[in-house]
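The values are calculated or read from the model by the stated rules, or taken from the named source; none is laboratory data. Owing to the predicted nature of the structure, the values given are computational and were not obtained by experimental measurement. Cβ atoms come from the backbone with ideal geometry, glycine included; neighbour counts cover every protein chain shown. Heads up: the accessible areas ignore ligands, DNA and RNA and are worked out on the full protein's heavy atoms, side chains in. Shrake-Rupley method; radii C 1.70, N 1.55, O 1.52, S 1.80 Å.
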Amino acid sequence: FLETTAYFCMKPKMGEKEVSPHSFFSIWHEFSSDFKDFWKKENKLILQERVKEAEEVCRQKKGKSLYNIRPKHDSGIVSKYCSNT
């Protein structure tokens, strides 16, 4: 614990000899909860951007026809007999 507090440059409060676990973890709790909130917001924004990009790709693909429809030409036995009558 003391190594961790030294790594984060935590100094004891006035009147205390060492950094207490309560003071360290109260600050750590605030940091981690703020970080979690920002993380969720950032992920939500990224998800919205990806959904917009996917919708745009779908719109572009719908605009392009993947196949061509040609008119049906009469051919074969039925068309020969029907056109002669």
Once you have the Cα-Cα distance between HIS29 and LYS44, take 0.36 nm times their residue separation minus that, and quote the gain in nm to one decimal. 3.1 nm
What does the extension gain come out to for LEU2 and LYS52, with contour length at 0.36 nm per residue minus their alpha carbon separation? 13.2 nm
Integer Hz, Karplus 6.51/-1.76/1.60 couplings in order for the stretch 11-23, x for Gly and Pro: 10, x, 5, 4, x, 10, 8, 10, 6, 7, x, 4, 5
Under 5 Å, built H, 5+ apart or other chain: amide partners of SER20: LYS13
Tally Lys/Arg at +1 and Asp/Glu at -1 over every other residue whose Cβ is under 12 Å from the Cβ of GLU56; what's the total? +2
Note: HIS22 to LYS36 extended length (0.36 nm per residue) minus current alpha-carbon separation gives 3.0 nm
Provide the net charge surrounding THR5, with neighbours chosen by a C-beta distance below 10 Å and charges set as Lys +1, Arg +1, Asp -1, Glu -1. -1
Rounded percent of accessible protein surface that carbon and sulfur make up, the stretch 3-64, 1.4 Å probe: 60
